[in-house]
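Worksheet for the structure shown next.
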Amino acid sequence: MPLATATPQAGFGGQVVEEVRVGERRTLDRQRFSRLFEALAGAGYSIVGPTVRDGAIVYDQIRSVEDLPIGWTDRQSGGSYRLERRGDAALFGYTVGPSSWKKYLFPARERLWTATRIGDSFTVRPEPVEPTRLAFFGMRACELSALAVTDRVFAGGPVTDPGYRTRRSSILRIAVQCGQAGGTCFCVSMGTGPGVRDGADLVLTEILDAGPHRFLLEPRTEEGAAVLSRIASELVPAAAGEARIAEAIVARTAASMGRTMEATGLRELLRENLEHPRWQLVAARCLSCTNCTMVCPTCFCSAQEEVPDLDVTKVERWRRWDSCFNLAFTELHGASVRKTGLSRYRQWLTHKLGTWHDQFGTSGCVGCGRCITWCPVGIDLTEEIGAIRAGPGPAAAPGGKP
Amino acid sequence: MLADVAPDPTSSAAAGHPLAPLPYRVRAVATETADTTTLTIEPRSTRSVPAPAPGQFVMLYAFGVGESPIGVSAHRADGTLVHTVRNVGKVTSALARLTPGDTVGVRGPYGRGWPLQEARGQDLVIVAGGLGLPPLRPVLYEVFENRDRYGRVEVIYGARTPKDLIYYEELQSWRRRSDLRIQVTVDAAGRDWYGDVGVVTTRLPDVRFDGSRTSAFICGPEIMMRLTAQAVVARGVRPEATWVSMERNMKCAVALCGHCQFGPTFVCRDGPVLSYRALEPFLAVKEV
C-alpha cells in the first residue's frame, strides 16, 4: 500500500481535519468501506444501490456494505441471466441487472394530480413532489449516459416533467468503473463506457489485485468532495500508480465486451431500411412482451390512467410506464396504427437507434445490453443491426458493396 | 452532457402542473351530424388557455373519463373556444353527451399550426376531408379578416355523404362569397344531391392556382391527405409548401409520453401540421 503523502492538519482535540477537493484521488480500504455509507447517511442521503433479490442484482434501498452483492457476479447472454458465486469478495463484481435508476426519477406508477368536483366545476391539485436526497450508489458508465439521455427527454425540451426535474435535482451520483464486462455489454461500441467520463459526483474503482482489496475514489463535484471530506481521516491520498491500475482495469473491461455494434450512421441506415426483409424475421420471433422497454434505462413512454372514485367526485390521474410494443399504444379511432409485431419492433429499434438522434441529438441506446439479456427469446439488437447492414435492403445502393 | 438539472419551479402544488386541465363551461352544443357535435366553451374562472393559432389543438378533458386531442375550429378574444368532436371512443362519446352548463377541462393549445406567415402573398389550396374541416376553419377566418394578404383561395371540402357535411349553414354563406371558391363533394349520394360526387382529388383538376407560389393546406383521413398531397405536388406545388395535419394517439401532448411518434416527429409538438416534404418517406411505409 502506498503511504500517505499529504500532511493532514491537526485540529482541535488532536482530530485530523482535512478537506478533500474536487479531482483529488483518495484510496479507501475495503475494511473501512462502510465509512462511505456513514458519510452518505451523515450528509443526509438515503442510499439506493445494488443488492441481491429474487435471483438477480437489483437496485433498491440499501443501508450497509452487507447489503451489496458481495462475492456475486452475473452471467448474461441473449435471454439468459444467472447469478454465480465469484472466487473473491468483490463488492461490484457484476455488471447491470434488470432494474435501472430511471425508476427513481420516472416512477413506474405516479399520481400526477387529483381533481375534485365542486358544484358544477372542478379543481385540480397537482401532486406535490418533494426533492429527496438520494445517493445512487454504484452507477455504471453506461447508466450515467442513460441519465444524460433521460435528462434530455424529460428536462431538455420546451415542456419539462416537474416530477423528474424535482427528483433529479437532488440526487448524488456515485459511479463505479466496471471491472468486468457482461456477456451482452457493448458500451465501447456506443462510446459510453466502461470508464466513467462525465456526469458523476464521485467515481469509484474497485481494486482487487496488486495489493489489498481497496477502492480508488475520485470526487468530480463539490457534492462528491463534501461526502469524502466527512471521512477524510479514513482516506489515503492515492499513490501515483493507483490511477494507472484503475486505467488498466477499465482497459481490460473494454477489451472483453460481450457484444459489438457499429454505431456510425445508424440514423441513416435505419431510415433507409424501413422495408428491409430482416424485420419479418425478427417479428417472427418477437413476442411483443415489452420486456426490452421495461429494462431499458432510457425508454420513457408512458400512459395515463383516469381513476375516479365511486361517485366520480374525486378523480386521480396516474401515469404509468407504457411500451411501444403494446397494441393499444397507437390506438386511433378504435384501431391501432401499428397492428403488426413487425411494425412495433421496427418502431422500437428505429426510435432507439435512429430517430432518437433527430429528437434529442443523441442515441437512445447506451450499450448496456439489458434488452438482449431480458428478451425471453434472446433477440439481440446488435445482431439485427448487423443483418440490416449486411443487406440486401431496398435502399442498398446499386453497384455498392458486394 | 447536460449540466445538472434544476428543480422545476412549477412543481409546487400551487403553481400548477403542465398536464393539469382548466375548467371550462359548455355554453352551447350543436349537433352537426349523427355522430358529430360542436361544443362552444368558455373559461369558468379568470384563468384561460392562451389564444390558439389556426391548426393548433387542445386536450379536452371529460371529468372522470379522460382526455382526447381535439382541434380548435374557432376562438374568440374573450376566451371562447369552439370544438367539433366526432363520437368515436370513450372520451369523445363523453364529450358528445355534454350539455350547456356542464364543465369540460382544457389544456393547451399545443403544436404547430398552419404556416400562415409563410403563405402570405401566395395562392392557397385548402382541402378538407370529413372532420378535417374544423382545424382548417380558422384559416378561412384569417383569410376573410385579412383577404389582401393572400392570392387566389380555393377550397375543396369532401364528406362521405350529404348527411355527413358539417357547418352546413356556414358552407352556404362561404359558397356565396366572391373572394374565394369552395367546392363541396361527397363520396356517395342519392338522387336528391345536386352537387359533386367523388373524392376530393377529383375536384383538383378544376382548381386554378400558380403552383410555384401556392401553399396547400390539407386535413382529413391519412389516405386522403397522402393522395391529395401527391396530386397538388404533381400540379406544381412545392412539397415543402404542401402541409398536412397528422393525427396520432396522444396522452400528454407535450412530447413526453412517446405515443404520437411518426418517424422522427412528435406529432403533438413538431406537428400536427407538418410539411409533405418531411412526411413523404414515412407516409409511403405501412404502420410507421
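The values are calculated or read from the model by the stated rules, or taken from the named source; none is laboratory data. This is a predicted model, so every value here is computed, not measured. As a convention, Cβ positions derive from the backbone with ideal geometry for all residues, glycine included, and neighbour counts pool all protein chains shown.
Here are a few things to note about the model shown:
- Search result, residues across the range A:269-284 that are surrounded by 19 or more Cβ atoms within 10 Å (Cβ to Cβ) and either in contact with a Cys (Cβ under 8 Å, 6 or more places away or on another chain) or of a type in the set (S, T, N, Q) (or both): A:Asn273
- Qualifying helices (runs of 4 or more DSSP H) (wholly inside the range A:270-353; at least 1 residues being at pLDDT below 95 and closer than 27 Å to A:Ser80 by Cβ): none
- The set of residues in the range B:59-79 being of a type in the set (A, V, I, L, M) and either within 14 Å of chain A (Cβ to nearest Cβ) or crowded, with 16+ Cβ neighbours inside 10 Å (or both) consists of B:Met59, B:Leu60, B:Ala62, B:Val65, B:Ile70, B:Val72, B:Ala74.
- Selection within the range B:259-282 - surrounded by fewer than 20 Cβ atoms within 10 Å (Cβ to Cβ) and over 16 Å from B:Ala241 (Cβ atoms): B:Pro264, B:Pro281, B:Phe282
- Checked against the criterion of being touching a helix residue (DSSP H, G or I) at 6+ places or on another chain (Cβ under 9 Å) and at pLDDT 95 or above, the candidates B:Pro100, B:Pro135, B:Pro69 yield just one match: B:Pro69.
- Within the range B:17-43, being assigned to a loop (DSSP other than H, G, I, E, B) and surrounded by fewer than 17 Cβ atoms within 10 Å (Cβ to Cβ) holds for B:Ala34, B:Asp35.
- Residue among A:Arg338, A:Arg344, A:Arg370, A:Arg320 that is of a type in the set (D, E, K, R) and under 18 Å from A:Met190 (Cα atoms): A:Arg370
- Out of B:Val207, B:Val254, one residue alone is within 21 Å of B:Leu60 (Cβ to Cβ) and β-branched (Val, Ile, Thr). It is B:Val254.
- Any hit, the range A:200-209, residues being outside any strand (DSSP E or B), at pLDDT below 95 and farther than 20 Å from A:Phe136 by Cβ: yes
- As a summary of the residue check, B:Gly236 satisfies the conditions (1) over 17 Å from B:Tyr157 (Cα atoms); (2) within 14 Å of chain A (Cβ to nearest Cβ) except for the one numbered (2).
- Listed conditions (1) touching a helix residue (DSSP H, G or I) at 6+ places or on another chain (Cβ under 8 Å); (2) surrounded by fewer than 17 Cβ atoms within 10 Å (Cβ to Cβ); (3) not aromatic (Phe, Trp, Tyr) are all met by B:Ile166, apart from (2).
- Whenever a residue of the range B:75-96 is at positive phi, its partners that are crowded, with 16+ Cβ neighbours inside 10 Å, lying with C-beta atoms within less than 7 angstrom and at least six residues away or across chains, give the pairs B:Gly79/B:Pro43; B:Gly79/B:Ser48.
- Annotation: A:Ala146 fulfils all but one of (1) within 27 Å of A:Val315 (Cβ to Cβ); (2) more than 7 Å from every other protein chain (Cβ to nearest Cβ); the unmet one is (1).
- Within the range B:174-190, residues that are loosely packed, with under 13 Cβ neighbours inside 10 Å reach partners that are in a loop (DSSP other than H, G, I, E, B) with beta carbons closer than 9 Å, at six or more positions or on different chains, in the pairs B:Ala188/B:Arg160; B:Ala188/B:Thr161; B:Gly190/B:Thr161.
- Near pairs, Cβ below 6 angstrom, 6+ apart or cross-chain, from the range A:296-325 (farther than 19 Å from B:His17 by Cα) to any residue that is among the aromatic types (Phe, Trp, Tyr) and surrounded by 21 or more Cβ atoms within 10 Å (Cβ to Cβ): A:Cys324/A:Trp348
- Pairs with Cβ under 8 Å, 6+ apart, first in the range A:28-46 and assigned by TED's automatic domain parsing to the domain that holds A:Pro219 and modelled with pLDDT under 95, second in a helix (DSSP H, G or I) and crowded, with 19+ Cβ neighbours inside 10 Å: none
- Enumeration of residues in the range A:296-319 that are within 19 Å of B:Gln261 (Cα to Cα) and either surrounded by fewer than 14 Cβ atoms within 10 Å (Cβ to Cβ) or at the interface with chain B (Cβ under 10 Å from one of its Cβ atoms) (or both): A:Cys299, A:Phe300, A:Cys301, A:Ser302, A:Ala303, A:Gln304, A:Arg319
- Number of the condition not met by A:Gly241 [criteria: (1) surrounded by 22 or more Cβ atoms within 10 Å (Cβ to Cβ); (2) more than 22 Å from A:Phe186 (Cα to Cα)]: (1)
- The lone exception for A:Gln347 - which of (1) touching a residue at least 40 places away in the same chain (Cβ under 8 Å); (2) at the interface with chain B (Cβ under 8 Å from one of its Cβ atoms); (3) polar (S, T, N, Q) it fails: (1)
- Scanning the range B:37-58 for residues that are within 13 Å of chain A (Cβ to nearest Cβ) and within 13 Å of the chain's Cα centre (by Cα) turns up nothing.
- Some residue of the range B:217-233 being within 11 Å of chain A (Cβ to nearest Cβ), surrounded by fewer than 21 Cβ atoms within 10 Å (Cβ to Cβ), among the acidic types (Asp, Glu) and farther than 23 Å from B:Leu204 by Cβ: no
- Odd one out for B:Glu287 among (1) farther than 22 Å from B:Pro134 by Cβ; (2) away from chain A (no Cβ under 14 Å); (3) at pLDDT 95 or above: (2)
- Residue count for the range B:134-152, restricted to those that are within 18 Å of B:Arg175 (Cβ to Cβ) and out of contact with any Ser or Thr (no Cβ under 6 Å at 6 or more places or on another chain): 8.
- A:Asp322 being under 27 Å from the mean Cα position of the chain (by Cα), surrounded by fewer than 20 Cβ atoms within 10 Å (Cβ to Cβ) and on the phi < 0 side of the Ramachandran plot: no
- Looking across the range B:149-167, the residues that are assigned to a helix (DSSP H, G or I) and in contact (Cβ under 8 Å) with a residue 40 or more places away in the chain come down to B:Lys163, B:Asp164.
- Test: residue in the range B:253-268 that is part of a helix (DSSP H, G or I) and within 20 Å of the chain's Cα centre (by Cα): yes
- Residue check for A:Ser363: crowded, with 21+ Cβ neighbours inside 10 Å, under 22 Å from the mean Cα position of the chain (by Cα) and more than 11 Å from chain B (Cβ to nearest Cβ): yes
- Residue within the range B:45-52 that is charged (D, E, K, R), at pLDDT below 95 and assigned by TED's automatic domain parsing to the domain that holds B:Leu95 present: yes
- Residue pairs whose Cβ atoms lie under 8 Å apart, sitting 6 or more positions apart in sequence or on different chains, and linking a residue in the range A:97-124 that is within 8 Å of chain B (Cβ to nearest Cβ) to a partner that is in a helix (DSSP H, G or I) and buried (at least 20 other Cβ atoms within 10 Å of the Cβ), are A:Leu112/A:Gly163.
- Enumeration of residues in the range A:112-134 that are over 26 Å from B:Asp102 (Cα atoms) and not acidic (Asp, Glu): A:Pro128, A:Val129, A:Pro131, A:Thr132, A:Arg133, A:Leu134
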